Amino acid sequence: MSNKVIITLCIIFGLTGNMVLANDSLDKLKSIVKILPKEIQGWKLSDDRSIYSPENLYEYINGGAELYISYQFKHLQTLTYIDKDSNEIKIDLFDMGSSYNAYGIFVHGREEVDNFISPDIESEYASGLLTFWKAKYYVSILAYPETKEKKSIVKTLAGSITEQIQGKSE
C-alpha cells in the first residue's frame, strides 16, 4: 500500500472515531435528560432544549466559552423548567470528556464545597445556584431568585441527574 492510501485511511478512521465519540457524548447526555420528570411541583419541563458543541458554545456563553473549551469540553445540553408565572429553573449539563476536566471547571469557580446533594458529590449551593461534578459531567442548576420551593426542586433534580451518571468523581 502506498503512503497516500495509508494516510487517507488513517484520516478516515480518525474522523469516524471522532464522530462516534461525539454521538456517544450526545446520546449519554440525552439519556440523562430523558429521565428527568416532565413536571415537578407545578414546574413543567420546557420543550425548548439546546445542545452546544465547542464550535458554537460562544452563542450560549458569550465571553466565557474559552474556559470550557480549554478543559476539552465536548457538549452542553440546556434545559428549562417553567412555572405558571413564567419563572425559570435552568439546567446546564456539560460533558467535559473526563473526570479531570469536569473537576477543573468545578474548582475554577467554586468558593466552598458543601454536601448539598450528598457527602460523595462535591457541590456548591449558594443563593439559588447549584454547581457540581460527577464523573465527566459538570452541572449547573440556576433557580434565582432563591425560594424554599425552588431549593427543594433543585435538590430533587440534582439527585435525579447524579443517579443517572455512571462512574465516580476521581
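For segment 91-103, the tally of residues that are open to solvent by less than 70 Å² (accessible area, probe 1.4 Å), touching a strand residue (DSSP E or B) at 6+ places or on another chain (Cβ under 7 Å) and either more than 23 Å from THR156 (Cα to Cα) or of a type outside the set (Val, Ile, Thr) (or both) stands at 6.
Reported count of residues in segment 36-57, each being out of contact with any strand residue (DSSP E or B) (no Cβ under 9 Å at 6 or more places or on another chain) and open to solvent by 70 Å² or more (accessible area, probe 1.4 Å), is 3. For segment 148-170, the set of residues classified as open to solvent by 40 Å² or more (accessible area, probe 1.4 Å) and part of a helix (DSSP H, G or I) consists of LYS148, GLU149, LYS151, SER152, LYS155, THR156, GLU163, GLN164, listed by residue number. Among residues of segment 137-153 that are closer than 11 Å to GLN41 by Cβ, those with a Cβ under 8 angstrom from a residue that is part of a strand (DSSP E or B) and open to solvent by less than 60 Å² (accessible area, probe 1.4 Å), sequence gap 6+ or separate chain, pair up as LYS150/ILE89; ILE153/ILE40; ILE153/TRP43; ILE153/TYR81; ILE153/ILE89. Taking the criterion of being more than 21 Å from GLY159 (Cα to Cα), of a type in the set (A, V, I, L, M) and within 13 Å of the chain's Cα centre (by Cα), would at least one residue in segment 54-62 satisfy it? Yes, because at least one residue in segment 54-62 is more than 21 Å from GLY159 (Cα to Cα), of a type in the set (A, V, I, L, M) and within 13 Å of the chain's Cα centre (by Cα).
Among residues of segment 88-114 that are over 21 Å from LEU29 (Cβ atoms) and modelled with pLDDT of 95 or more, none has a Cβ under 8 angstrom from a residue that is of a type outside the set (Gly, Ala, Ser) and open to solvent by less than 10 Å² (accessible area, probe 1.4 Å) at a sequence gap of 6+ or on a separate chain.
ASP85 meets all of the listed conditions (1) of a type outside the set (A, V, I, L, M, F, W, C); (2) free of Cβ contacts under 8 Å to residues at least 40 places away in the same chain; (3) more than 18 Å from SER169 (Cα to Cα); (4) open to solvent by less than 30 Å² (accessible area, probe 1.4 Å) but one, namely (4).
LEU29 meets all of the listed conditions (1) open to solvent by less than 50 Å² (accessible area, probe 1.4 Å); (2) in a loop (DSSP other than H, G, I, E, B) but one, namely (2). Residues that are buried (at least 18 other Cβ atoms within 10 Å of the Cβ) and over 20 Å from LYS30 (Cα atoms) within segment 125-147 comprise TYR125, LEU130, ALA143, listed in sequence order.
The values are calculated or read from the model by the stated rules, or taken from the named source; none is laboratory data. Note that this is a predicted model, so its numbers are computed, not measured. As a convention, Cβ positions derive from the backbone with ideal geometry for all residues, glycine included, and neighbour counts pool all protein chains shown. Accessible surface is based on the protein model in full, side chains and every heavy atom, while ligands, DNA and RNA are left aside. Shrake-Rupley method; radii C 1.70, N 1.55, O 1.52, S 1.80 Å.
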